[in-house]
Every structure is written in structure tokens, then in C-alpha cells.
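Heads up: the structure comes next, in C-alpha cells.
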2 protein chains.
Amino acid sequence: MNTPLFSRVVLVGVGLIGGSLALALKAAGVVGQVVGLDRSPEHLEQARALGLIDQIATSSAAALRHCDLVVLATPVAQTATVLRSLLPDLEAGTLITDTGSTKSDVIAAARAALGPAVARFVPGHPVSGGELHGPAAARVDLFRDRNVVLTPLAENAPADVARVAAAWAACGARVSEMSAAQHDGVLASVSHLPHMLAYALVAQIAKAPDGDLRFRFGGGGFRDFTRIAASSPEMWRDIALSNRPALLEELDGFSAMLADLRGMIERGDGAALEALFTLASEKRLNWKPG
Amino acid sequence: MNTPLFSRVVLVGVGLIGGSLALALKAAGVVGQVVGLDRSPEHLEQARALGLIDQIATSSAAALRHCDLVVLATPVAQTATVLRSLLPDLEAGTLITDTGSTKSDVIAAARAALGPAVARFVPGHPVSGGELHGPAAARVDLFRDRNVVLTPLAENAPADVARVAAAWAACGARVSEMSAAQHDGVLASVSHLPHMLAYALVAQIAKAPDGDLRFRFGGGGFRDFTRIAASSPEMWRDIALSNRPALLEELDGFSAMLADLRGMIERGDGAALEALFTLASEKRLNWKPG
């Protein structure tokens, strides 16, 4: 057993991400006690029964007493509301981190809600997840060999950032740091934009007069390309709005690339098409999942 | 053993598609003898050694004597050249079919090459394939439960179309008929357009100044979405050019859909985004591969 990095952790949101983090921290022996806070009493009971949390918080004041880390694992759009409700009971020594898919927007919400206390907020994003939700979906190895990105603030103490990084590393994650803007650009590019394209393609076919016929002739390529179009509409609505500036930039870059490609096809420029396809296929053949 | 539908088949192109068709026809007992014709002597030897073909053609004149079916399983761009070379030795009773991924363009090439003999050309497309190529990749079950589309010509005799359909049905395929224009629209929509989008996305990331960083953060969604961007650049160059009108129409429809989606994000219209994503996710969740 390692020395606990944190003796008392308050987990706000005991679903897939929060529950998996609690399991992994406990398995690594780097956390004393985990206290759960959630809007859903059923999820809290389930999380305790599954051993994700040790205690259900009776109030946020009670939960936050002698707490040294608060983890936000709630939908991104709730960040400001949750932080505002915690602020009055937050002790001077308590660190806060989050798990949201977008960072600039979350940081702006945290700044507005916390004021100067934002210095103790270390923003983070585990680039991991799954199609399942809720406490029952939690897995101790959800973050093993997966990327976790921290986007530290100028106000953060380096020692605080290092403690949050150590917690994720104890879960088996590959931790890296970048600016919030860079994080949002990278994720817009490799995750948010592909989701928009898959949704748009399936919607285009669904709206075609002969859409049912078209769907019947989709094969294995179509299956894989459109798999992410089955993702949660609510979650992706929130991500699209929360990462709006970076996503609009990627969308515009993509539209320009598609206009170039259209031009090559229209003027019958086989050499340019082959060069573009070769660039992409070589990159993709040599790529390995992060 | 069934009565052979065709006593002597000449297979032009003994790769994955042609070889698999020969195997399946032989296994079903609906073909007498299969004679192979290919630019590659190595592929012909390999095809004979693997039992895909019974004979290697010494000349097209010799091959076509008493032949009742010619199957073209060559790249689409070679259709006119191959048909022109066969025409002088084609007997009056010989049917011809093909396996090309695009149909309007192939039919135009066949009309130009064959003249009135185009009446004996029954265009077809097995919607199947794989990442591997050549005779060694051939599989007896490649077409089992897969779609084969015939796009008959006004000049075709219904009995000839029925014989070609029966050959594919004997291979376990689901055979349907549509017009060449409809085929090209359907395939542009569910196959050619997704390939263009996957190529364009990977190329966009490859060209970004921080492209390597971006690729490092691609996860499971990115992996599946971009799998088809690893496809053969030469083959997809030819398909894009060969199906130009239908593909341009789909590209324009997609660009319009993407512009709508961009507008929803820009003006923060969460309700419209959620409605679009819900339409797509419900369709995708209920979809089964064709």
C-alpha cells in the first residue's frame, strides 16, 4: 500500500467516469476515504453497494470537512452551478479538479463561480469513456494506458498540479499538460469534428427520399464510419456548444479541405486526388490509437 | 450437383473479386469450366494452383471459343480497353457481365466499345470486398449474404439478366436490380462519400502544424471513423472520377448539411442540434449492415 496522496476525496457525480476514478484510486491505495455527492439518491446507493464510494454525503458542508480533493465528474454544463454550491464550505486546503471534455469553457465557468479560489482548481480531462453510463458501468481499468490531459491555470501552484497528475498516474493513465486552447483544438479535431461528420452523414441519408434504400446498401465501411453517430445526442449537443470556437475553426478547415477535394473531382485531377488519398492512407496505416 | 448455368466461363481478372466468384460458382456446381485471362502471368499461375481457374487462356480467341459467359473483374478504368480487345472473338451466344463499383461510367464505356453487342452486356456490382487483394485473398464465401446489384440495360434480354442473377444467387448473394443512376447515387451516398470524408479528415490533421500531437489523442471513435482512410489511393481515385456526377451531388448535399450544422453551433441552437443528433442516432442504432 502506497501512502495516500489524498486522505479524503469528495466525488461529485458517481457515474462511469467518477466511479471508475474512485475504483482506480482505491485499487492503487492512494486515497483514504471517498465520499459521494450526486443528484441521484439511487446512483449514490448503487455506488456505495458497488464499493465505488465509502460514504454518501449527508450535506456538502459535512462532506467537505477535512476534504483534500474534490473531483467534478458531472456534465460540463453543470460546472458553474456545482462549484457555486460548494464554494461556501470549501476549506483553504482543498484542491478541486474536473473531468470535462472541454476546457476553456469549464475554466471560464470555474473562474466565474470560484473567484480567487480558482487557484485551487486544476482542470483535467481523461480522454476515455464508453457507450455505457452510470455507476454500474464503472471499471477499475478505464484509464489504464489512456490519455489524461491537464490544462493548468497560471494561478495553480505547481505542487497542486503535480498532486493531481500523481493521482491520475496512479490509475495507470498517461498524463500530459497543455493549454486549454490547445486541448480544445486537439479534441475538436480528433473527436468532436468526427462526431459532427458522422451525425451529418447519417442525417443526410435519413432525409433523402430513398433513404431506406440507401441504408440497405451500407456495408462494413459505413458501419465503422457511422458508429459514433449512435452516441448520446444530449452529451454531444453540450460538447458542441461548450467547445464552440475550436469546433467552428475545425469545421471551417474541414469545409475548405472538402471544397479542394470537390474541385479535384470536378476537374478530373486524378494526380491531386491520388496525392491527397496517399497522404491520408499513409498517415492512417502508421497510426496507433492514443 | 446442379445443372451448370454456364458450361464455360472466361474470367478476366483473377484477383479477390474474380477469384472469389469463380470459387463460389464452382462450389455451387453451376459452372463447367473456368478459364482465366489476366495481365499478370504470376496471378494466373497462382489462380490455377489455388483452384480458382481450371485453365489459363493462351489467347483471347482460344478462350472465347464456346464461352457462354465473360466476367470482367478488372479495375473500372480498364473496361473499354478490355472489351475492345475481346470484341473480335466474341461469339453470338456469349453473355458478358462485370463487377465494377460504378455503373453509369462502365455502361458508357461498354456501349462505346461493344456497339450493338452491348445488348449482351449485363452490368453488375457485388457490394463486397476487403482490404486484401490478389488471387490468394479469394474466398468462397465473399458474396454470401452480401448485396449484388444488377443495373440492366434496355437492350438486355430478360432471360440473360435472369441467368446472371441466378449465378450470383448461387453464390449466396442477395441480388437486386436498379437503374445505373440510382445505383451510383446509393453507392455515392453510403460508400464513396464516407471514403472522401475520412480521407479529408485525416489529410486535414496531417497538414496541421501540430498534426502529430493531434493524432496522439485520437481514441476508439477516431480509429473506427478513419479506418477507410487507409484504403487504396489508386482504387479510390478511380472510383471518385468514375462516379463523378453522383459523388459531386452527394458532396454538395453533405456540404449543405454541414453548413446547417455549423449555423446551429454558431448561434447556440441546442434544440436544433439535439434534434439533428437524435435523428441520426436513432437511425444508426436501428441500422443493420446490408
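What translational diffusion coefficient, in µm²/s and rounded to a whole number, does the Stokes-Einstein relation yield for segment A:1-134 at 4 °C and a viscosity of 1.567 mPa s, taking the hydrodynamic radius as the Kirkwood radius over Cα pairs?
Answer from the Stokes-Einstein relation: 88 µm²/s.
Say a label goes 7 Å from Cα toward Cβ at A:Ala259 in every copy; what distances in nm does this one have to the rest, shortest first?
Output for A:Ala259: 1.0 nm, nearest copy listed first.
With the contact rule set at Cα under 8 Å and sequence spacing of 6 or more, what percent relative contact order holds for segment A:1-139?
Relative contact order, segment A:1-139: 29 percent.
Once the Cα gyration tensor of segment B:110-208 is diagonalised, what are the square roots of 5 times its eigenvalues, in whole Å and ordered largest first, as equivalent ellipsoid semi-axes?
Sorted largest first and rounded, they come to 30, 19, 13 Å.
If each DSSP helix of 4+ residues adds -39,500 (n - 2.57) and the sum is divided by the residues in chain B, what number results at 222 nm, nearest 500 deg cm²/dmol?
Using -39500 (n - 2.57) per qualifying helix, the result is -15000 deg cm²/dmol.
Rounded to whole Å and sorted largest first, list the principal axis extents of the Cα atoms in segment A:59-127.
So the three principal-axis extents are 30, 23, 19 Å.
Connecting C-alpha atoms closer than 10 Å in a GNM of chain B, tell me which of B:Gly115, B:Gly100, B:Gly218 has the biggest fluctuation.
It is B:Gly218.
Tabulate in residue order the Karplus-calculated ³J(HN,Hα) for segment A:178-188, using 6.51 cos²θ - 1.76 cosθ + 1.60 with θ = phi - 60°, rounded to whole Hz; enter x for Gly and Pro.
Those phi angles translate into 8, 6, 4, 5, 5, 3, 5, x, 4, 6, 4 Hz.
Considering only A:Gly268, A:Gly93, A:Gly253, give the residue with the highest GNM mean-square fluctuation for chain A, with springs between Cα atoms whenever their separation is below 10 Å.
Sorting by GNM fluctuation, first place goes to A:Gly268.
Starting from the Kirkwood radius over alpha-carbon pairs of segment A:183-286, derive D by Stokes-Einstein at 37 °C in a medium of 0.692 mPa s and give it in µm² s⁻¹.
For the chosen part, D equals 210 µm²/s.
What nm distance separates the two modelled labels at B:Ala108 and B:Asp89, each placed 7 Å from Cα along Cα→Cβ?
For B:Ala108 paired with B:Asp89, the spin-label model returns 3.0 nm.
On average, how many beta carbons from a partner chain sit within 10 Å of the beta carbon of a residue in A:181-193?
For this peptide, the per-residue mean of nearby foreign Cβ atoms is 5.
Along Cα-to-Cβ, 7 Å out, sits the label point; list in nm, shortest first, how far the one on A:Ala112 is from those in the other copies.
List, nearest first: 6.2 nm.
Which entries of A:Lys207/A:Lys288; A:Lys207/B:Lys288; A:Lys288/B:Lys207 have Cα-Cα distances beyond 26 Å here?
A:Lys207/A:Lys288
Specify, for chain B, the residue whose C-beta is closest to the rotation axis mapping it onto chain A, with the distance given in whole Å.
Residue plus distance in Å, as requested: B:Asp224, 2.
Pull up all non-local amide H partners of B:Arg174: gap of 5 or more, or a different chain, and H-to-H distance under 5 Å with H placed in the peptide plane.
Here B:Asp145, B:Arg146, B:Asn147, B:Val148 satisfy the definition.
Which residues does a label at A:Asp210 reach in segment B:157-192, if reach means a backbone N under 19 Å from a point 7 Å past the Cα toward the Cβ?
B:174-192
Give me a single rounded figure for B:243-249: the average over its residues of other chain Cβ atoms within 10 Å of their Cβ.
Counting Cβ atoms of other protein chains within 10 Å of each residue's Cβ and averaging gives 2.
Label position 7 Å from Cα toward Cβ: report the copy-to-copy distances for A:Arg65 in nm, one decimal, ordered from shortest.
With the label placed 7 Å along Cα→Cβ, A:Arg65 yields 10.3 nm.
If you line up the long axis of helix A:158-170 against the longest principal axis of chain A, both from Cα atoms, how many degrees apart are they, to the nearest 10?
70 degrees
Starting from the Kirkwood radius over alpha-carbon pairs of the protein assembly as shown, derive D by Stokes-Einstein at 10 °C in a medium of 1.306 mPa s and give it in µm² s⁻¹.
60 µm²/s
Can you list the HN-Hα couplings for segment A:243-260, worked out from phi with the Karplus curve (6.51, -1.76, 1.60; θ = phi - 60°), rounded to whole Hz and with x for Gly and Pro?
Rounded to whole hertz, the list is 10, 3, x, 5, 5, 4, 5, 5, 4, 5, x, 5, 4, 5, 4, 5, 5, 4.
Taking all pairs of distinct Cα atoms, average 1/r, flip it, and tell me the Kirkwood hydrodynamic radius of chain B in Å to one decimal place.
Result for chain B stands at 20.8 Å.
For B:Gln55 paired with A:Ser179, estimate the spin-label separation in nm (one decimal), with each label point 7 Å from Cα along the Cα-to-Cβ line.
Taking the simple label geometry, B:Gln55 and A:Ser179 are separated by 7.4 nm.
Under a 10 Å cutoff between Cα atoms, tell me which one of A:Glu249, A:Glu234, A:Glu177 has the largest fluctuation in the Gaussian network model of chain A.
In this elastic network of chain A, the residue with the biggest mean-square fluctuation among A:Glu249, A:Glu234, A:Glu177 is A:Glu234.
Calculate one ³J(HN,Hα) per residue across segment A:234-240 by plugging θ = phi - 60° into the Karplus curve 6.51 cos²θ - 1.76 cosθ + 1.60, and present them in order as whole Hz with x for glycine and proline.
Computed from phi, the couplings for segment A:234-240 are 5, 4, 7, 4, 5, 5, 4 Hz.
Since every read-out is calculated from the coordinates, none of them should be taken as a lab result. All of these numbers come straight from a predicted model, not from anything done at the bench. Don't worry about glycine lacking a Cβ; one is built from the backbone with ideal geometry, like all the others, and counts go over all protein chains shown.
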